[in-house]
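Asks: One structure follows; several queries about it will come next.
Derivation of every value follows stated rules applied to the coordinates shown; laboratory data play no part. All values reported here derive from a predicted model rather than from experimental measurement. Reconstructed Cβ throughout: ideal geometry from the backbone, glycine too, with neighbour counts over all protein chains shown.
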Amino acid sequence: MAGNSQRRGATTKGKGRTAGSGGRVRRGLEGKGPTPKAEDRTYHKAYKAKQAAAKRQAAQPRRNLTKGRPGAGPEWVVGRNPVLEALQAGLPVKTAFVAEGADRDDRLRDILKIAAEKSIPLMQVTRVELDRLTQGALHQSVALQLPAYEYAHPDDVLADAINDEDREALVVFCDQITDPRNLGAVIRSAAAFGAHGVVIPERRSASMTAAAWKTSAGAAARIPVAMATNLNRSLQQYAKAGFTIVGLAGEGDVDVAGIPGVDGPLVVVLGSEGEGLSRLVRDNCDHLVSIPISSEVESLNASVAASIALYEIGRCRG
């Protein structure tokens, strides 16, 4: 009879019980959670693309450059002797790091003392964390993080030099000097002899690393260092502004004791340690100046040549 069947799954009219799954479907759906993203499913092409991109990024070399270039960032000084020497030389320090449980010796005690005297922020981290921060360098449980160097613009150095009413304009250009210690020594000499700034090229040149800071003996904090995207274009701009451009070259036909235009705005260009001035830079010089030396010596160090030339300029200017 309709509505009175005893068959499984049959229903009755009106109120009463109905046949169902007994909760099997509901229990089967429990614990599944939301559907994962496509890039998280190992069988999906989006996952494979994500893994390939991660491998490409890991393969790229890490940069540790100074500010003003792509990927710029602060520099690290690691090791107990380098860190102590950097603090004693007065390098600018952003933060000092010491690993937990570091063995105390005289160097570490001096490092902690100087950091406290100069109110340098001191962070205590695990050895594993210090390894990560310094990218696996041999840090001997101590490291310094230097702030990224703030380069000036060549146009700003030009304006400051031209508008200085107290002394004649003098700017030093460095053509592919790749040794940071040489660069630091040039900066020190430039500051000592009254130059308004130092200009370096963006590529194929030493930059303001810890070694350059240290060799400058603090002069890098007193004289602007500018970074030029195109050194020759900057030389041309200075020439248009009335500067006489003189390049130091061993085969120059002008003696350093008689530099033309020494009483007016002057740019002194230094060449690289090995090859000297590049061809385009030579073409942009008004005069090539030489420093007489013994025939037994092939050439002078770039920073030494800079010191001699800048001294002669200062002497001639009185």
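Asks: Could you work out the relative contact order of the stretch 60-219? I mean the mean sequence separation of Cα pairs under 8 Å and 6+ apart, divided by the number of residues, in percent.
Replies: Relative contact order for the stretch 60-219 comes out at 27 percent.
Asks: Right, next: Give me the distance between the Cα centres of the stretch 192-217 and the stretch 141-176, rounded to whole Å.
Replies: A separation of 8 Å, based on Cα centres.
Asks: Percent antiparallel among DSSP beta bridges with both residues in the stretch 161-306, to the nearest 5?
Replies: 5
Asks: For a test of the definition: using alpha carbon positions, the gyration tensor, and the 1.5 limit on a/c, classify the stretch 158-205 as rounded, prolate or oblate.
Replies: Verdict is oblate for the stretch 158-205.
Asks: Which of the aspartates and glutamates could be linked to LYS214 by a straight reach, that is with a Cα gap under 15 Å, when you skip same-chain ones fewer than 8 residues away?
Replies: Within the straight-line limit of under 15 Å, LYS214 reaches these aspartates and glutamates: GLU75, GLU85, ASP179.
Asks: What does the net charge come to around ASP106 if you take all other residues with beta carbon closer than 13 Å to its beta carbon, with K and R at +1 and D and E at -1?
Replies: Computed value for this residue: +2.
Asks: Indicate the gyration tensor shape class of the stretch 172-250 (rounded, prolate or oblate), computed on the Cα atoms with a ≥ b ≥ c the square roots of the eigenvalues: a/c under 1.5 is rounded; otherwise a/b larger than b/c is prolate and the rest oblate.
Replies: Prolate, since a/c reaches 1.5 and a/b exceeds b/c.
Asks: Equivalent ellipsoid semi-axes for the stretch 126-192, as square roots of 5 times the alpha carbon gyration tensor eigenvalues: give them largest first, rounded to whole Å.
Replies: Equivalent ellipsoid semi-axes, largest first: 38, 14, 11 Å.
Asks: Shape verdict for the stretch 168-318, please, from the Cα gyration tensor: rounded (a/c under 1.5), prolate (a/b greater than b/c) or oblate.
Replies: It is rounded, given that a/c, with a ≥ b ≥ c, falls under 1.5.
Asks: What dipole magnitude, in Debye to the nearest 20, does the stretch 131-249 give about its Cα centre under +1 on Lys/Arg Cβ and -1 on Asp/Glu Cβ?
Replies: 440
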